[in-house]
1. Just to verify a result, which residue in region 164-176, among those that are touching a Pro at 6+ places or on another chain (Cβ under 9 Å) and not in a helix (DSSP H, G or I), is surrounded by the fewest Cβ atoms within 10 Å (Cβ to Cβ)?
2. Whether any residue in region 245-253 is out of contact with any helix residue (DSSP H, G or I) (no Cβ under 6 Å at 6 or more places or on another chain) and either within 13 Å of the ligand (Cβ to nearest atom) or closer than 18 Å to residue 19 by Cα (or both) is what I want to check.
3. Going through region 216-244 one residue at a time, which ones are of a type in the set (D, E, K, R) and more than 12 Å from the ligand (Cβ to nearest atom)?
4. What residue, among those in region 213-232 that are surrounded by fewer than 22 Cβ atoms within 10 Å (Cβ to Cβ) and within 21 Å of residue 55 (Cβ to Cβ), is nearest to the chain's Cα centre (by Cα)?
5. Quick one: count up the residues across region 55-104 that are within 16 Å of residue 36 (Cβ to Cβ), more than 13 Å from the ligand (Cβ to nearest atom) and in a helix (DSSP H, G or I).
6. Checking residue 264 against (1) within 11 Å of the ligand (Cβ to nearest atom); (2) β-branched (Val, Ile, Thr); (3) in a helix (DSSP H, G or I): exactly one of these is not met. Which one?
7. Could you count how many residues in region 15-37 are farther than 14 Å from residue 63 by Cα and either among the basic types (Lys, Arg) or in contact (Cβ under 8 Å) with a residue 60 or more places away in the chain (or both)?
8. Going residue by residue through region 175-191, is there one that turns out to be touching a Leu at 6+ places or on another chain (Cβ under 8 Å) and over 20 Å from residue 221 (Cα atoms)?
Amino acid sequence: MMEFVTLNNGVKMPQIGYGVYQMPPVETERAVNDALSAGYRLIDTAAAYMNEEGVGAAIKKSGIAREELFVTTKLWVQDISYEAAGTAFERSLQKLGLDYLDLYLIHQPMGDFFGAWRWLEELHRAGKIRAIGVSNFYPAVLANFCETVEIKPMVNQVELHPFFQQEAALATMKEYGVVPQAWGPLAEGKHGIFTHPVLTKIGEKYRKTAAQVALRWNTQRGVSILPKSVRAERIAVNLDIWDFALNEAEMAEIAKLDLGHSEIVNH
Ligand code: NDP
């Protein structure tokens, strides 16, 4: 079973995807293979992760029809300019072994991201990228960006988990029709998330783990999620979140876990 979210240009994106950050290139092919076998169809990589080739190799071997897959990669900082974006895109596409991309993100609001965006808009119009978006765009940056560009970003990928909920940022995204996508949906293991008493207790009722409760909570707020694990059993567990739903009281209990700041990065 798979849930989808519809982007502002009508493209359907799986609500859960498999992230490959901090995954050594040699391990990536095997891990992505496990993820595709488990049922993931969205794979999230980035030029900066240095493992696009491993993702591409796994996709090729899987034999899964291209139109069933949703592949995301990201433009890294040194290439965020009108001059460099086109070449960086072709390089990523080649490493992935693909002839079009489903989602291409500007990885950080750094450099000439307005110039880079004009390239992305052109590639999108030319049918080379089905959806274009941004990542780590904070509310003020995102609002300015959306008010200025021709094609509004379809996705903003930011840190979102029970300890950093970013409700105000979500409200800004909603206002501009930008779909929120969570990186670090498991808080990268911080703050004792996997044994957290509140998440564990809620999970007991549904026979789910604290990790599954954290993931389900985000999806019920309309957030797309990208859990990462290199282990086959966790890869499968993280996907098994569609056969239960948290009630309002449980959602409210989790809302109280927000620390209001990140424990992972300080941009
Ligand atoms: P996550 O929040 O997904 O946490 C990953 C960690 O949790 C790993 O240490 C993993 O260990 C562990 N883990 C995963 N599932 C379980 C489980 N069920 N039980 C116990 N432990 C578990 O962190 P990420 O930073 O990897 O974020 C996910 C994805 O988001 C990335 O892979 C990347 O695609 C994207 N991302 C994007 C960023 C951006 O700037 N746009 C920044 C950071 C991430 P193990 O692998 O050993 O199982």
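1. Taking region 164-176 first, the residues touching a Pro at 6+ places or on another chain (Cβ under 9 Å) are 166, 168-174, 176.
Add one more test, that the residue is not in a helix (DSSP H, G or I), and what stays is 166, 176.
Details: 166: 21, 176: 15.
It comes out as 176.
2. Scanning region 245-253, I find no residue that is out of contact with any helix residue (DSSP H, G or I) (no Cβ under 6 Å at 6 or more places or on another chain) and either within 13 Å of the ligand (Cβ to nearest atom) or closer than 18 Å to residue 19 by Cα (or both), so the answer is no.
3. From region 216-244, those of a type in the set (D, E, K, R) are 216, 221, 228, 231, 233-234, 240, 243; that's our starting set.
Result: 216, 221, 243.
4. Once the filter is applied, the top-ranked residue is 229.
5. Result for region 55-104: 11.
6. (3)
7. Of the residues in that region, 12 qualify.
8. yes
Bear in mind that the values in this text are calculations on the coordinates, not laboratory data. In this text, all values refer to a predicted model and were calculated from it rather than measured experimentally. Heads up, the Cβs are rebuilt from the backbone with ideal geometry, glycines too, and the neighbour counts pull from every protein chain shown.
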